[in-house]
Amino acid sequence: MSRNADDLAALIRARAGDAPVRLGLILGSGLGHLADAVKGVAIPYADLEGFPHAGVSGHNPNLVVGTLEGQRVAVFGGRAHYYESGRADAMRLPLEVLVALGADTMIATNAAGSLRPDMATGELMLLSDHINFSGLNPLIGEPSDARFVPMTQAYDPALRAALKAAAKAEDVALHDGVYAWYSGPSFETPAEIRAIRTLGADAVGMSTVPEVILARFLGLKVAALSTITNMAAGLGTEAISHEHTKAMAPLGAAKLERVLRQYLQKME
Ligand code: HPA
């Protein structure tokens, strides 16, 4: 754990209170409004030295620490993507801070393109696994042997079961699937989509995988959820764009919020 993470955690506690955080939630494109639902203190990333400048429109660059459905949470209203800086480890410090605040769980959310005809825009997918299609890794350069992180059960089975139960209780359809990380920022070509479909991907996006690797490195339990904002390149008729992603994300976001609230209510 870097010294910086402990210092930042102390700063955050001074503003948001000492009670330990249980869970961290990372919000994807167009999903930022969930941060507003938290009763707590919003700290701009700009006040947290070393935090990314969340420069992607549709992201809300605050860390909100407070209570949601009775649980103490830290909500990251923006994430850093590899394509912004060329650094795959840009979320390392925020996740170290999350651990320093006491959390043992990270739930990441993202907007993604669907590779499956039965998974439409506005629907939700719970990641069962991922494919790192970028070849990049946030732990390149990490000197300790801890860098050899097992990824066999990266997405925690018990946490996934609890999220599925929450979706069921809310009557929200939750697909299970494999997410492929594509570096971005350009979208994929239809040929690339056919290639990753053949490799076993169900959805594609430009985030989440580096955070999942870092979170496992830091010993956090992990789950991740995608809101489908479009059919991936070559599979649908709509034009794929960031504007479209932001416009479609709210369709899934409302369901995602219900699932997460239900999960938090039942959290042991
Ligand atoms: N590809 C990559 N990232 C995305 C997509 C997509 O089709 N949709 C939303 N984020």
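Just to verify a result, which residue in the range 170-185, among those that are in contact with a Ser or Thr (Cβ under 7 Å, 6 or more places away or on another chain) and among the hydrophobic types (A, V, I, L, M, F, W, C), is nearest to the ligand (Cβ to nearest atom)?
My answer is W181.
Regarding I193, is this residue β-branched (V, I, T), part of a strand (DSSP E or B), surrounded by 15 or more Cβ atoms within 10 Å (Cβ to Cβ) and over 14 Å from the mean Cα position of the chain (by Cα)?
On the way: β-branched (V, I, T): yes; part of a strand (DSSP E or B): no; surrounded by 15 or more Cβ atoms within 10 Å (Cβ to Cβ): yes; over 14 Å from the mean Cα position of the chain (by Cα): yes.
For I193, the condition - β-branched (V, I, T), part of a strand (DSSP E or B), surrounded by 15 or more Cβ atoms within 10 Å (Cβ to Cβ) and over 14 Å from the mean Cα position of the chain (by Cα) - is not met.
In this structure, is E142 buried (at least 18 other Cβ atoms within 10 Å of the Cβ), outside any strand (DSSP E or B) and away from the ligand (no atom under 14 Å from the Cβ)? Can you show your working first?
Working: buried (at least 18 other Cβ atoms within 10 Å of the Cβ): no; outside any strand (DSSP E or B): yes; away from the ligand (no atom under 14 Å from the Cβ): yes.
In short, no.
Just the residues that are of a type in the set (D, E, K, R) and either part of a helix (DSSP H, G or I) or surrounded by fewer than 21 Cβ atoms within 10 Å (Cβ to Cβ) (or both), please, taken from the range 77-102.
Correct list: E84, R87, R92, E96.
Can you tell me which of A35, A74, A14 is in contact (Cβ under 8 Å) with a residue 24 or more places away in the chain and part of a helix (DSSP H, G or I)? It would help to see each step written out before you state the result.
Values: A74 fails: part of a helix (DSSP H, G or I); A14 fails: in contact (Cβ under 8 Å) with a residue 24 or more places away in the chain.
Matching residue, one of A35, A74, A14: A35.
Being within 19 Å of L251 (Cβ to Cβ), away from the ligand (no atom under 13 Å from the Cβ) and modelled with pLDDT of 95 or more is the requirement here; does A167 meet it? If you could, list the steps in order and put the result at the bottom.
On the way: within 19 Å of L251 (Cβ to Cβ): yes; away from the ligand (no atom under 13 Å from the Cβ): yes; modelled with pLDDT of 95 or more: yes.
Yes; evaluated as a whole, the condition is true for this residue.
The values are calculated or read from the model by the stated rules, or taken from the named source; none is laboratory data. All values derive from a computational prediction rather than experimental measurement. Heads up, the Cβs are rebuilt from the backbone with ideal geometry, glycines too, and the neighbour counts pull from every protein chain shown.
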